[in-house]
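See structure below.
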Amino acid sequence: MNLNSISAFQDNYIWVLNDEHGKCIIVDPGDAQPVLKTIEDNHWQPEAILLTHHHNDHVGGVKELLKKFPGLVVYGPEETQDKGTNRVVRDGDKVNILKYEFSVIATPGHTLGHICFYSKPYLFCGDTMFSGGCGRLFEGTAENMYDSFQKLNKLPADTLICCAHEYTLSNMKFSLSILSDDEELNRYCRKVKELRAKNHSTLPSSLAIERKINLFLRTNDVDLKEKINKETSLQQPQQIFAWLRAKKDAF
Ligand code: ZN
Ligand code: FE
């Protein structure tokens, strides 16, 4: 399976997996036009769509794609049923598409019904985990999102984080505003700046990288706790996670 990303809107990525026969799987097509162009340019045949949640920048292109390719199977959580989903999936489901098996992982937080799809080594995590950050809490609580992060953190280190937005640089700036001396953060921020200066993508990231540079995965980190406790007296990782998310909202 070969991984491709298509840019859409300001900072969205639509991920496409294609196999050696030119069949493909499309993840979160918020816009149909760039997907149709890529499919035509490569002579791919779309087999299925995977949807992580109901927001328009993730599902907006589904109906048009279905019109063009009526046989498409659209997998998504219940909250996407009126967006074109014709196969509702739930936490723990295994879905076979082409030769590949995808596991469905419920990750509430950004929305209540948000799910991720994992097929080793690819994790399509929508707006749950971003490189260096996490999704906004539109429907769920910080506790929901914390639990979702713990689930994703159980995946292997070589898991590729295929998230739906190019937010890495702003996440690194935020992280450095908290832990300005952190070597890993500084090194990664430099790398991200170089990539963005050339308009290159910073994705996919890997879980191994995220464990080092994503503060939302470092809620047990001694340096982070010490820093935060100059302002507060939070100890529990869940509390630190919530504090970070609130700080980021105001950043
Ligand atoms: Zn969203
Ligand atoms: Fe989004």
Under 12 Å, Cβ to Cβ, from Leu72 - net charge with Lys/Arg +1 and Asp/Glu -1
+3
Determine the dipole magnitude for the chain: charges of +1 sit on the beta-carbon of Lys and Arg, -1 on that of Asp and Glu, nothing else is charged, the reference point is the Cα centre, and the result goes in debye to the nearest 20.
300 debye
Given the convex hull of the Cα atoms of the chain, what is a quarter of its surface area in nm²?
12.9 nm²
Would you mind checking the pairs Lys37/Lys83; Lys37/Lys94; Lys37/Lys63; Lys212/Lys248 and listing those with alpha carbons more than 26 angstrom apart?
Lys37/Lys94
What part of the accessible area of segment 18-112, given as a whole %, is carbon or sulfur when the probe is 1.4 angstrom?
46 percent
Rg to Rh, two decimals, where segment 65-174 supplies the alpha carbon set and Rh follows Kirkwood:
0.98
If you fit an axis through the alpha-carbon atoms of helix 183-197 and take the longest principal axis of the Cα set of the chain, what angle between them do you get, 0 to 90°, nearest 10?
40 degrees
Neighbour cut-off at most 16 other Cβ (10 Å), DSSP loop, trypsin sites (Lys or Arg not before Pro), segment 149-233
Lys154, Lys198, Lys230
Give me the log10 of I(q) over I(0) for segment 105-240 at q = 0.09, 0.14, 0.15, 0.22 Å⁻¹, as the Debye formula computes it from C-alpha points; what are the numbers?
-0.25, -0.62, -0.71, -1.43
Would you mind putting 57-65, 200-208, 232-240 in packing order, based on average other-beta-carbon counts within 10 Å, highest first?
57-65, 200-208, 232-240
Could you grab the relative contact order for segment 134-243? Cα pairs under 8 Å, six or more apart, rounded to a whole percent.
33 percent
Relative to the compact globular guide of 2.2 N^0.38 Å, what is the alpha carbon radius of gyration of segment 82-139, as a ratio?
1.18
Quick check for you: with a 1.4 Å probe and neighbouring chains kept, what is the accessible area per residue of segment 51-129, in Å²?
40 Å²
Straight-line reach check, Lys198, cutoff 21 Å on alpha carbons, 8 or more apart in-chain or any other chain, hits among lysines -> Lys173
Counting only DSSP loop positions in segment 209-244, the GluC sites (Glu not before Pro) whose Cβ has at most 16 other Cβ atoms within 10 Å are Glu231
For segment 146-165 and segment 25-96, what is the separation of their Cα centres, given in Å?
21 Å
Express in nm, to one decimal, how much length is gained between Lys193 and Gln45 on full extension, taking 0.36 nm for each residue of separation and deducting their alpha carbon distance.
49.7 nm
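Viscosity 0.692 mPa s, temperature 37 °C: what is the translational diffusion coefficient of segment 135-181 from Stokes-Einstein with a Kirkwood Rh over Cα pairs, rounded to a whole number of µm²/s?
Estimated diffusion coefficient is 256 µm²/s.
Nearest-5 percent of antiparallel DSSP beta bridges in segment 1-97?
Approximately 50 percent, going by the DSSP bridge assignments.
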Carbon and sulfur together cover what percent of the accessible area of segment 131-192 at a 1.4 Å probe radius?
49 percent
Spin-label zone in segment 181-197 - amide nitrogen under 17 Å from a point set 7 Å from the Cα of Glu226 along the C-beta vector:
181-186
Rounded, prolate or oblate for segment 1-146? Axes are the square roots of the Cα gyration tensor eigenvalues, ordered a ≥ b ≥ c, and the cut-off for rounded is a/c under 1.5.
prolate
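The values are calculated or read from the model by the stated rules, or taken from the named source; none is laboratory data. The model shown is predicted, which means the values in this text are computed figures rather than measured ones. Neighbour counts are summed over all protein chains in view; Cβ atoms, including those assigned to glycine, are modelled from backbone coordinates with ideal geometry. Only protein heavy atoms, including side chains, enter the accessible area calculation; ligands, DNA and RNA are left aside. Shrake-Rupley method; radii C 1.70, N 1.55, O 1.52, S 1.80 Å.
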